């Protein structure tokens, strides 16, 4: 095996075939690490950056090889089969079929925070990261301020979600679950109930105020529905003779 002779271009007085001796010379005589000396002598003081354009500095290998062309994994940004839309679509369809046929399975399928410590740990970390990111302004929803009418991506996403629900491919995770059968539903229910109870009373109309407004508007109050001792709905007769269901929390809605 032959070794390439390494010559010091700083002093032009030293050369060696072994990298170890050459590096020791740079450090002892010139007080430079091999990488620093390489930047100074070979790259003429210019830093080498990843060829993908990210601006990051890839790994320095040795004096002969210099730097890697790309940061690990960044070569796919310039050279990847997934840059071809046809290949991307083919891969997506193949993966979907594999999941459907049972060839592939999600590792956390059927597991919850309540039943698996790994899922709980992942959920807590993700929640903390997102919460901090959004509160600090670091993260922002990409679709913020966009609508189906103003952005084709939002429109396509809306259509895709609608089609998957209609085809039965996608289902609400709460389907068939109740407070009595699922602890997650129970927890969500309690949180919603607590939020309603904590709301400022002035944000909602009291039944007394609604009755006065109904009378003042010239409607006739013909019924009140209660649930758990709470008034949930009022039925009034409008001037045209039709019945109207008046939900005192929201608004007046005609009942045909």
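The values are calculated or read from the model by the stated rules, or taken from the named source; none is laboratory data. Just so you know, these numbers come straight off a predicted model, no measurement behind them. FYI the Cβ positions are ideal-geometry reconstructions off the backbone, even for glycines, and counts take in every protein chain you see.
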Inset, instruction - Would you check which residues across region 36-55 are more than 19 Å from residue 22 (Cα to Cα) and in contact with a helix residue (DSSP H, G or I) (Cβ under 7 Å, 6 or more places away or on another chain) and list them? - result: 45, 47, 50, 52, 54
Inset, instruction - Take the residues in region 48-62 that are part of a loop (DSSP other than H, G, I, E, B) and modelled with pLDDT of 90 or more, then tell me which one is farthest from the chain's Cα centre (by Cα). - result: 48
Inset, instruction - For region 36-47, indicate whether the set of residues that are in contact (Cβ under 8 Å) with a residue 40 or more places away in the chain and part of a loop (DSSP other than H, G, I, E, B) is non-empty. - result: no
Inset, instruction - Confirm whether residue 98 is closer than 30 Å to residue 18 by Cα, modelled with pLDDT of 85 or more and either surrounded by 11 or more Cβ atoms within 10 Å (Cβ to Cβ) or over 21 Å from the mean Cα position of the chain (by Cα) (or both). - result: no
Inset, instruction - Identify, from the list 114, 121, 29, 93, the residue that is in contact (Cβ under 8 Å) with a residue 12 or more places away in the chain and not assigned by TED's automatic domain parsing to the domain that holds residue 16. - result: 114
